[in-house]
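Rule-based calculations on the coordinates, nothing more; no lab input. Bear in mind that the values here come from a model prediction, so they are computed numbers and not experimental data. Cβ coordinates were reconstructed from backbone atoms using ideal geometry, including for glycine residues, and neighbour counts include every protein chain displayed.
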Amino acid sequence: MREEGCRYCNQFLELDVSDDGNLELGIYDDDYEYRLYATFDDGINQTWYTETLINYCPMCGRKLEVAE
Ligand SMILES: [Zn+2]
């Protein structure tokens, strides 16, 4: 059976969304929930960080459920 989802929700790869690579998006598994985070890091300082609870992968739309 083929695993559903994409590399961002299965392997939690970071996604560079800016040309210079300073702005990154990613998903992480926080035990009982999934969060999408965005961070701005110029390589010297992390100047900005935000995260939000998500139920679906924003990249492929897969419903994110934590296996019991
Ligand atoms: Zn996905």
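Structure notes:
- Full extension of the chain between Asp29 and Cys60 yields a length gain of 9.5 nm, computed as 0.36 nm times the residue separation minus the alpha carbon distance.
- In this structure, Tyr49 and Glu4 have a Cβ-Cβ separation that, at R0 = 35 Å, corresponds to a calculated FRET efficiency of about 0.75.
- Ranked from largest, the principal axis spans of the Cα set of the chain equal 42, 22, 15 Å.
- ³J(HN,Hα), Karplus 6.51/-1.76/1.60, whole Hz, each residue of the stretch 55-63, x for Gly, Pro: 10, 10, 5, x, 8, 10, x, 5, 6
- Loop GluC sites (Glu not before Pro), the stretch 1-55, which have at most 12 other Cβ atoms in a 10 Å radius of their Cβ (DSSP): Glu3, Glu4, Glu33
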